[in-house]
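Report on the following structure.
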Amino acid sequence: MKYHIKRVDEFDLKDQRVFLRVDFNVPMENGKITDDTRIKETLPTIKYLIEHGAKVILGSHLGRPKAGNKKEFSLSPIAEKLSSLLNFEVLLMENPTGGEGFKNILSQLKPNQIILLENLRFESGEEKNSQDLAMQWAKYTDIYINDAFGACHRAHASIVALPSFVSKRGMGFLIDKELKMLSHLIEKPDHPYAALLGGAKVSDKIGVIEKLMDLVDLFLVGGAMSYTFLSAQGIPVGKSRIEKDKLNFAKEMLNRVHARDKKLLLPIDHVVAKSIDNLNDVKTVHQIPDDWMALDIGPQTQELFSSELTKCKTIFWNGPMGVFEKEPFSHGTFNIAKTLAHLKATTIVGGGDSAAAAHICEMAHHMTHISTGGGASLEFLQGDRLPGLDILRNPRRS
Ligand code: ADP
Ligand code: MG
């Protein structure tokens with residue numbers, strides 16, 4: 001039996017109350033949204049629902065609110081932003097379940113209004129996948145649509161318990177796009193195929209490295225992760241960040257790469273500093289001195305990686321090449337992003353920080369796809385089942 005997830009355009013939506021789970025977990029500073037990509041990415045689904053006469057109820061989490069600091073995590077700035085993007089009235093409910101009289105509000109909803117529930121994590125049952133909480137939403141939900149790809153790896157009440165009570169359930173256009181793009185990386189990708197990996201830790205990425213081992217022709221490794229690999233080969237890395245308990249994994253991986261006639265390239269020069277906060281003392285070296293730490297790949301490594309990437313037809317990028325948040329250590333990441341941007345290859349970016357880096361250097365719109373789900377995209381690629389997708393699957397008759 002084949003399994004199929006229904007997409008929003010496969011439902012009859014007229015006058016139906018649609019609970020749309022979105023991922024509006026956007027970065028904020030002092031109450032202002034600093035990157036609205038996640039909001040913009042859900043607009044196609046929201047617009048489709050509006051155009052087809054649905055009564056739209058949006059639900060999202062934001063951050064990790066604890067009791068007492070609710071104001072800071074209110075969706076109020078998001079309601080405002082959404083309203084200006086859609087040119088629609090967005091009614092923010094104070095209560096994440098809608099509260100008393102919500103059915104009445106819904107029945108009187110005007111055609112130019114949609115509803116946004118307050119931060120779902122204000123309800124303690126959300127993260128506990130509470131059936132009772134989900135039942136409160138289910139009472140007024142005719143159709144449940146999930147478009148929150150970035151939250152699909154979490155078994156929370158609005159992701160798993162709620163759709164289990166609603167027989168008409170499916171996905172929005174964003175999840176559909178994510179699944180198509182990420183599937184391309186594991187099903188018949190064009191070769192040569194490279195994985196460009198970086199970021200903070202080897203340990204975060206072991207699952208995906210294991211999976212990619214059978215798929216890619218080439219690994220290019222930068223970021224903090226590369227110093228564990230260099231150290232595993234006995235190359236001095238000074239005070240660079242390494243994971244001692246992953247040295248054996250790194251060694252074993254290097255052996256497996258060679259046994260399979262694949263390539264794994266590591267940085268050949270580095271931008272180093274005495275500490276991450278000492279920006280006056282930054283230099284480029286081929287050998288990392290004892291008291292220094294490597295915080296970015298150097299210009300020769302950028303050239304080496306770029307010339308390899310130029311030969312590829314498929315590239316998966318996860319993890320920045322250095323501490324891109326600080327200008328002196330941002331060049332490696334931004335220059336590699338520029339290289340990717342100018343290629344004809346399929347370029348897919350996964351990982352929250354890599355996506356942020358691509359946006360900051362204004363290369364994001366040149367990539368084939370930037371996943372909106374950091375953790376969720378890695379879990380999907382490494383073959384884990386995402387609970388939020390599993391619950392949407394219905395057997396296909398044929
Ligand atoms: P992603 O979110 O794209 O999966 P990660 O979360 O794994 O990426 O890693 C991002 C972090 O890695 C960034 O905050 C960056 O500063 C850090 N990082 C990258 N290179 C280094 C390095 N050489 N030393 C220390 N930290 C690094
Ligand atoms: Mg990250």
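The values are calculated or read from the model by the stated rules, or taken from the named source; none is laboratory data. Note that the coordinates shown come from a computational prediction; the quantities given were computed from them, not determined experimentally. Every residue, glycine among them, receives a Cβ derived from its backbone with ideal geometry; neighbour counts consider all protein chains shown.
Couple of notes before you dig in:
- Lone qualifier among Val208, Val237, Val216 - being assigned to a loop (DSSP other than H, G, I, E, B), β-branched (Val, Ile, Thr) and in contact with a Leu (Cβ under 8 Å, 6 or more places away or on another chain): Val237
Residue by residue, here is whether (1) at pLDDT 95 or above; (2) touching a helix residue (DSSP H, G or I) at 6+ places or on another chain (Cβ under 7 Å); (3) farther than 23 Å from Gly373 by Cβ holds:
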{"site": "Val272", "(1), (2), (3)": "yes, no, yes"}
{"site": "Ala294", "(1), (2), (3)": "yes, yes, yes"}
{"site": "Glu308", "(1), (2), (3)": "yes, no, yes"}
{"site": "Thr333", "(1), (2), (3)": "yes, yes, no"}
{"site": "Ala345", "(1), (2), (3)": "yes, no, no"}
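- In the range 180-219, the residues that are acidic (Asp, Glu) and within 19 Å of Asp261 (Cα to Cα): Asp190, Glu210, Asp214, Asp217
- Taking residues in the range 345-369 that are touching a residue at least 24 places away in the same chain (Cβ under 8 Å), and partners anywhere that are part of a loop (DSSP other than H, G, I, E, B) and within 14 Å of ligand 2 (Cβ to nearest atom), the pairs with Cβ atoms closer than 6 Å and at least 6 places apart or on different chains are Gly350/Ser371; Gly351/Gly319; Asp353/Pro320; Ser354/Gly319; Ser354/Pro320; Ala357/Pro320; Ala357/Phe324.
- Note on the range 122-155: residues that are basic (Lys, Arg) and either assigned to a helix (DSSP H, G or I) or within 13 Å of Gly388 (Cα to Cα) (or both) total 1.
- Only one of Ala195, Ala250 that is at pLDDT 95 or above and either closer than 16 Å to Val349 by Cβ or part of a strand (DSSP E or B) (or both): Ala195
- Looking at the range 277-360, the helices (runs of 4 or more DSSP H) lying wholly inside it that each contain 2 or more residues that are more than 16 Å from ligand 2 (Cβ to nearest atom), closer than 22 Å to Thr34 by Cβ and under 24 Å from the mean Cα position of the chain (by Cα) sit at 331-341.
- For first residues located in the range 312-325 and near ligand 1 (Cβ under 7 Å from one of its atoms), partners that are among the hydrophobic types (A, V, I, L, M, F, W, C) and part of a loop (DSSP other than H, G, I, E, B) and lie 6+ apart or on another chain with Cβ distances below 7 Å form the pairs Val323/Ile276.
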